[in-house]
Amino acid sequence: MRFYIKDNLLIPTKTNPTHAYRIADISKTQLNKLPQKENYPFNPSLQSTLQGKALLLDEIPFSQEEIQAHYENGYCSYLKGIDKNARNKYMCKRCGNENQELFASFPCARCKVICTYCRNCIMMGRISECTPLITWCGPQLNQDTSDNALQWSGTLSPGQQEASDKMVSIIENKSELLIWAVCGAGKTEILFKGIEKALQKNQRVCIATPRTDVVLELAPRLQEVFPKIKVLPVFGGSEDRHHFSPLTISTTHQLFRFQQAFDLVILDEMDAFPYSVDKSLQYAVQKARKDHSTLIYLTATPDKNWQEKCRQNKIDYVTIPARFHQFPLPVPNFQWCGNWEKGLNKDKLPTPVVNWMQERVLLNKPMLLFVPKIHYMEKVKILLQSIVGSLETVHAEDPDRKEKVQKMRKKEVDLLITTTILERGVTFPNVDVAVLGAENQIFTESALVQIAGRVGRKKEFPDGTITFFHYGKTNSMVSARKQIMKSNKEARERGMLLL
């Protein structure tokens with residue numbers, strides 16, 4: 001059975017159009033739905049799939065006949081996918097898009113008229129005027145969190161403990177908190193007690209992050225410390241994304257499919273691309289929250305707007321200016337290297353870069369080199385092959401990205417040449433880091449602070465060097481170094497450093 005929408009009615013295409021089902025418009029106070037029939041046994045698997053979700057019919061692994069039967073018995077609601085207001089302006093109810101240029105029309109085979117769809121979230125499956133979103137409005141699934149004890153024997157640093165305590169109190173108040181923690185502060189460990197507190201209160205928790213890599217890294221870590229609860233990783237193509245879990249780790253893109261689902265949302269790397277510039281992803285995070293819920297922002301590099309909010313006390317926040325091992329952050333060195341792009345075109349690397357490489361080869365020290373553009377990487381690799389024994393290049397579209405990063409972790413690679421794809425979320429012990437062309441606009445203040453944060457992350461190797469090779473200093477470079485030095489100063493003043 002197929003459906004189409006006309007005059008706010010959901011009409012099965014194989015039935016008399018006069019026999020139509022009213023579309024339920026979602027409300028903050030109430031869902032308009034048919035009354036539930038007590039003698040109808042609803043499907044618990046469908047309940048598990050739909051609770052806290054708003055899905056297209058094609059996304060639900062159940063027959064349309066079964067979904068329709070649940071609707072007629074008051075357990076499901078049909079919501080408009082694309083809404084149109086009195087001024088004939090469209091809005092996508094899944095991604096929140098209101099940019100009229102991102103809507104398009106086509107002759108629809110389903111509803112037999114010209115139909116409008118949203119191009120902004122087309123990668124999640126086409127949503128149009130005649131494709132409703134299905135939600136669950138029946139009995140709520142009782143999640144079993146009776147045995148949710150945190151099993152972690154580690155200890156927190158003073159800075160971590162302060163942030164952890166603050167998070168627990170915010171969960172009690174159901175408000176918002178920014179945790180501004182330097183790279184290597186140990187943000188994951190800070191979350192443990194807060195998550196445990198939410199689970200004890202029978203709340204549903206989501207950690208949202210812009211990148212799939214972080215989902216894959218966090219899921220096993222959380223599963224290890226909460227072994228009695230099924231931790232659910234959700235990302236594009238994940239096999240069990242339709243399941244229900246009290247603790248979900250999701251990419252921000254997958255939150256398009258959630259609605260009024262979570263009591264606690266922890267937004268990791270809130271300054272990272274694409275979340276920081278994509279209003280629809282920001283809409284998705286808010287849509288995934290329940291009306292009375294807690295939102296925790298995590299970042300090492302808040303932008304100027306967020307920093308201003310902190311200065312003006314417009315948001316509750318806590319800062320952690322020191323790493324968990326209580327050693328200072330490595331401060332970047334600036335090294336002028338001339339017109340390096342012109343040199344590359346003549347198959348020549350700047351002498352300061354070559355000297356930097358040779359020194360570390362003699363010390364048998366692993367190296368990470370950031371370059372601003374992909375097409376520079378192979379040329380740099382060729383020019384360094386006679387100097388460095390084992391080296392690789394990696395970028396966002398590299399199909400072997402995970403394998404190459406793992407080789408670097410295992411010390412099977414001496415030098416990894418990369419774009420900004422590795423500015424976050426990776427740890428290589430005892431590594432020295434350099435940026436070639438640090439003046440390039442892609443290296444923002446935030447990116448440079450994160451890149452510097454790759455150095456000295458392990459307690460066994462708390463120091464190291466970070467060098468910005470440049471053809472002229474930029475405001476971003478200067479601001480990044482100032483931010484790092486300011487964090488070190490604050491950490492000393494608060495007694496958070498061992499030195």
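At a glance:
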quantity: Contact order relative to length of region 79-227, as percent, for alpha carbon pairs under 8 angstrom and 6 or more apart; calculated: 18
quantity: Prolate/oblate/rounded call for region 383-423, Cα gyration tensor, a/c under 1.5 rounded; calculated: oblate
quantity: Gain upon complete extension [residue 153, residue 402; 0.36 nm per residue less C-alpha separation]; calculated: 86.7 nm
quantity: The chain: antiparallel DSSP beta bridges as a percent of all, rounded to 5; calculated: 35
quantity: Calculated FRET value between residue 485 and residue 188, using beta carbons and R₀ = 41 Å, to 0.05; calculated: 0.95
quantity: Listed residue pairs exceeding 31 Å between alpha carbons, taken from 80/304; 187/290; 348/473; calculated: 80/304
quantity: Qualifying GluC sites (Glu not before Pro) in region 363-400, DSSP loop, other Cβ atoms within 10 Å at most 12; calculated: 397
quantity: Cα→Cβ-extended label distance, 7 Å offset, between residue 331 and residue 441, nm; calculated: 3.1
quantity: For peptides 196-207, 127-138, sequence by mean Cβ density within 10 Å, most packed first; calculated: 127-138, 196-207
quantity: Rounded, prolate or oblate (a/c below 1.5 giving rounded, otherwise prolate when a/b exceeds b/c) for region 172-270 by Cα gyration tensor; calculated: rounded
quantity: Rounded percent of accessible protein surface that carbon and sulfur make up, the chain, 1.4 Å probe; calculated: 48
quantity: Relative contact order of the chain, pairs being alpha-carbon contacts under 8 Å that are 6 or more residues apart, as %; calculated: 13
quantity: Rounded FRET efficiency, nearest 0.05, which uses the C-beta distance separating residue 104 from residue 65 and R0 of 41 Å; calculated: 0.85
quantity: Computed lengthening from residue 345 to residue 87, 0.36 nm per intervening residue step minus Cα-Cα distance; calculated: 87.3 nm
quantity: Modelled FRET efficiency - R0 30 Å, residue 230 with residue 292, Cβ distances, 0.05 increments; calculated: 0.75
quantity: Placed amide H near residue 393: partners under 5 Å, 5+ positions off or other chain; calculated: 417
quantity: Gyration tensor verdict on region 209-366 (Cα atoms; rounded if a/c is under 1.5, prolate if a/b is larger than b/c, oblate otherwise); calculated: prolate
quantity: Trypsin sites (Lys or Arg not before Pro) restricted to DSSP loop in region 402-480 with at most 11 other C-beta within 10 Å; calculated: 410
quantity: Cβ-based net charge around residue 488, under 14 Å, with every Lys or Arg adding one and every Asp or Glu removing one; calculated: +4
quantity: Region 395-437 - accessible surface per residue (Å², probe 1.4 Å); calculated: 40
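The values are calculated or read from the model by the stated rules, or taken from the named source; none is laboratory data. Just so you know, these numbers come straight off a predicted model, no measurement behind them. When we count neighbours, we look across all protein chains shown, and the Cβ atoms used for this are built from the backbone with ideal geometry, even at glycine. The area values use the complete protein model at the heavy-atom level, side chains included, leaving out ligands, DNA and RNA. Shrake-Rupley method; radii C 1.70, N 1.55, O 1.52, S 1.80 Å.
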